[in-house]
Amino acid sequence: MSISSEEMKILILATLSGGYAGADSVGQLHASYAPNTYILPVVCPAMFPEDFYLRAFERGIDAILVMYSGTDCPYKGGAERTAQLINKVYPLMTERGLSTRRLRLVAICTVCTSAFMREITQMNQTLAEIGPVQNELIAAAPVQPSTSGKG
């Protein structure tokens with residue numbers, strides 16, 4: 001049984017000053033986007049440690065879009081810390097056999113409705129190409145020795 005990209009889960013960490021305001025603008029336009037998105041409003045994505053992303057993938061989130069306000073971030077150094085954090089997560093993903101294409105950092109402003117919807121569409125296209133995260137987790141899992149007692 002294959003799973004479509006629309007059935008895979010995309011978590012959006014949306015900053016209140018950028019991505020979440022963009023999502024709100026999309027809602028005000030009554031525009032629609034893929035229903036497989038889960039938007040989590042956050043003050044600043046830099047507040048999440050590296051293992052947050054890894055645990056999200058292990059728990060079945062297939063992709064994560066970090067939508068922040070970029071250099072317009074109202075928190076001093078927030079944009080830079082977020083970029084540094086995401087750059088630390090990529091090698092950890094690779095070590096675990098996860099495609100780094102599953103995690104993307106994008107600057108979304110308060111009125112970036114088309115960019116907001118385009119990012120979701122592009123991530124669903126990426127998921128259609130690479131498949132569910134569970135496939136990568138299973139493929140990367142260490143082989144357990146047989147316990148059948150036969151030698």
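We did not get these values from a lab; they are worked out from the coordinates using the rules stated. It should be emphasised that the depicted structure is a prediction, and the values quoted were computed from it without experimental measurement. Heads up, the Cβs are rebuilt from the backbone with ideal geometry, glycines too, and the neighbour counts pull from every protein chain shown.
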**Message:** Cut-off is 10 Å between beta-carbons; in what order do 48, 57 appear when sorted fewest neighbours first?
**Reply:** 48, 57
**Item:** Residue order, fewest to most surrounding Cβ atoms within 10 angstrom, among 82, 113, 121
**Value:** 121, 113, 82
**Asked** Taking region 8-140 as the region of interest, what is the percent of Cα-Cα pairs per 5 angstrom bin, listed from the shortest bin to the one with the maximum distance?
**Response** 2, 11, 22, 23, 20, 14, 6, 2, 0
